[in-house]
Each structure stands twice: as structure tokens, then as C-alpha cells.
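The values are calculated or read from the model by the stated rules, or taken from the named source; none is laboratory data. Just so it is clear, the structure is predicted and the values come from calculations on it, not from any experiment. Glycine also receives a Cβ, built like all others from the backbone with ideal geometry; neighbour counts cover every protein chain displayed. Side chains included, ligands, DNA and RNA excluded: accessible areas come from the protein's heavy atoms. Shrake-Rupley method; radii C 1.70, N 1.55, O 1.52, S 1.80 Å.
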Amino acid sequence: MSDCIFCKIIDGSIPSTKIYEDEHVYAFMDVAPLTKGHTLLVPKQHVKDLLEMPEDVARNLYAAAPKIANAIQSAFNPQGMNTINNNGSFAGQTVFHYHLHFIPRYDETDGLKVKWETKQSEFTQDVLKSVGEQIREKLNQ
Ligand code: AMP
Ligand code: ZN
């Protein structure tokens with residue numbers, strides 16, 4: 001896609017710090033890292049987000065993910081690692097070419113605050129059943 005910054009990174013017309021490349025995927029350092037080693041993995045095929053991703057693109061993308069994670073782990077020995085994918089502006093997506101963030105975690109002050117505020121009390125077993133059924137119906141269409 002001609003005006004996509006990540007397509008331009010993949011074709012080399014915009015510079016990047018490449019980590020890994022194969023026929024299907026490209027991985028490079030995030031230019032504004034949250035932590036040391038923050039890496040992005042993208043499919044070479046332009047796909048806007050997870051919702052538009054064909055199965056073969058997903059398969060090839062995730063096939064590379066453990067390699068990237070293990071390389072980051074070996075290089076810096078973080079205490080943990082978050083892999084995050086933002087879909088849609090509301091969820092924080094700013095570049096509309098699918099990318100998976102690898103964010104190694106070092107300590108409480110490393111810049112990523114992941115706070116889960118569970119709504120478990122609202123989602124009784126009956127509600128969960130009904131919500132699950134609504135999703136299952138869509139999978140079976
Ligand atoms: P998101 O907010 O999930 O869409 O993430 C987009 C990410 O792309 C951000 O973390 C940016 O720092 C990163 N980014 C944007 N432009 C570049 C670039 N030219 N090279 C590397 N990373 C980039
Ligand atoms: Zn693109």
C-alpha cells in the first residue's frame with residue numbers, strides 16, 4: 001500500500017532497524033520504544049488489523065513470533081514480556097498495518113502499566129453463557 005509507513009519500511013524506502021525477515025514477515029525495532037528491545041513484527045502483506053487478517057497471514061506471522069520473543073529474551077533477560085496488538089483507534093492503534101508489539105518487561109518503572117480491572121461481579125455464569133452463545137453464533141455462520 002503506497003501511503004503505508006510499514007509497507008515503506010518493508011520495501012526499504014523508509015529506514016528501520018531490522019531484527020528478522022523471511023518470505024512472509026518483517027520484524028524491526030520500534031522507533032519510540034517503551035523498553036529496551038521493544039520490537040514490532042508485521043506481515044509483509046498489507047493487512048489493516050487482526051479483523052482483516054487472512055488465516056495464512058496469521059499462521060505465517062505467529063510462526064515467527066516465538067523466534068523473536070526468544071531472541072529478545074536471550075539478548076536482555078527481561079523478567080517478562082508482553083505481546084500486544086492494538087486494533088482500531090479506540091484501542092490505541094496509530095499505524096494501520098497490523099503489527100504485534102514485543103515489549104520486554106524489566107521492573108515496575110519500565111513504562112508499561114498493564115492494569116486489569118475485572119468486572120467479574122457483573123458477569124455471572126448466566127451472563128457468561130449468553131455472551132459466549134452470541135459469539136459462538138457468529139463463528140457458526
Ligand atoms: P500502535 O499504536 O499499536 O499502532 O503502534 C504503532 C507503533 O509504531 C508505535 O509504537 C510507534 O512508535 C511505532 N512506529 C511508528 N513509526 C515507526 C517507524 N518509522 N519505525 C519504527 N516504529 C515506528
Ligand atoms: Zn502497509
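Observations on the model:
- Count of residues meeting criterion [in contact with an Asp or Glu (Cβ under 6 Å, 6 or more places away or on another chain) and of a type in the set (Ser, Thr, Tyr)] in segment 15-58: 1
Okay, residues lined up against (1) in contact (Cβ under 8 Å) with a residue 60 or more places away in the chain; (2) closer than 26 Å to Asp3 by Cα; (3) under 12 Å from the mean Cα position of the chain (by Cα):
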| site | (1), (2), (3) |
| --- | --- |
| Thr17 | no, yes, no |
| Val31 | no, yes, no |
| Thr35 | yes, no, no |
| Pro43 | no, yes, yes |
| Val57 | no, yes, no |
| Pro66 | no, no, no |
| Ser74 | no, no, no |
| Pro78 | no, no, no |
| Ile84 | no, yes, yes |
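- Some residue of segment 59-66 being closer than 21 Å to Thr17 by Cβ and touching a His at 6+ places or on another chain (Cβ under 9 Å): yes
- Taken over segment 1-39, the residue count meeting the criterion of being within 10 Å of ligand 1 (Cβ to nearest atom), part of a strand (DSSP E or B) and farther than 21 Å from Asp107 by Cα is 1.
- Scanning segment 80-100 finds no residues that are touching an Asp or Glu at 6+ places or on another chain (Cβ under 6 Å), β-branched (Val, Ile, Thr) and open to solvent by less than 70 Å² (accessible area, probe 1.4 Å).
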